[in-house]
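The values are calculated or read from the model by the stated rules, or taken from the named source; none is laboratory data. This is a predicted model, so every value here is computed, not measured. Note that we place each Cβ from the backbone using ideal geometry, even for glycine, and neighbour counts take in every protein chain shown. The protein model used for the area step is the full one, side chains on, heavy atoms only, and it has no ligands, DNA or RNA in it. Shrake-Rupley method; radii C 1.70, N 1.55, O 1.52, S 1.80 Å.
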Amino acid sequence: VLQNLSQTPVLRELLKEAKMPGTTVKIESPELSVEPQLIKLDQPGPLTLAMYQFLTEMQETKRGVVTPKELFAQVCKKAIRFKGYQQQDSHELLRYLLDGMRSEE
């Protein structure tokens, strides 16, 4: 899941802009015939910052191994079911990760 998200340029760019409070982001969809939306962002929450830091580290690392300790800790704060390192489905992680970041908006 995290490898796939790291290869999503739009997400990486939005997170880069979101880390700076007070930024206005223009979201437009060429596929849909709707007007572009301007969204003013508040201070990002801890999960959003951890996601940004993790994706940045994944893109910039030369070691080949990246450990998502801080991101996982923030996910566990939003979704207690992930504590204890029990096996979970990847789609559950994706859902809780994105829902958690959205709730920080």
Can you tell me which residue in the stretch 44-53 is farthest from Asp99 (Cα to Cα), limited to those that are at pLDDT 90 or above and either assigned to a loop (DSSP other than H, G, I, E, B) or open to solvent by 50 Å² or more (accessible area, probe 1.4 Å) (or both)?
Gln53
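Condition check ((1) touching a strand residue (DSSP E or B) at 6+ places or on another chain (Cβ under 8 Å); (2) not charged (D, E, K, R)) across all residues:
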{"residue": "Leu14", "(1), (2)": "yes, yes"}
{"residue": "Ser29", "(1), (2)": "no, yes"}
{"residue": "Pro36", "(1), (2)": "yes, yes"}
{"residue": "Lys40", "(1), (2)": "yes, no"}
{"residue": "Leu55", "(1), (2)": "no, yes"}
{"residue": "Lys62", "(1), (2)": "no, no"}
{"residue": "Phe82", "(1), (2)": "no, yes"}
{"residue": "Arg102", "(1), (2)": "no, no"}
Among the residues of the stretch 54-86, how many are open to solvent by 80 Å² or more (accessible area, probe 1.4 Å), more than 17 Å from Lys19 (Cα to Cα) and touching a helix residue (DSSP H, G or I) at 6+ places or on another chain (Cβ under 6 Å)?
2
Restricted to the stretch 54-105 and to residues being under 21 Å from Leu41 (Cβ atoms) and not in a helix (DSSP H, G or I), the residue modelled with the highest pLDDT is Glu104
Residues of the stretch 14-28 that turn out to be open to solvent by 90 Å² or more (accessible area, probe 1.4 Å) and out of contact with any Leu (no Cβ under 7 Å at 6 or more places or on another chain), as a count
3
Considering residues of the stretch 4-43 that are of a type in the set (S, T, N, Q) and assigned to a loop (DSSP other than H, G, I, E, B) only, the residue farthest from Ser103 (Cα to Cα):
Ser33
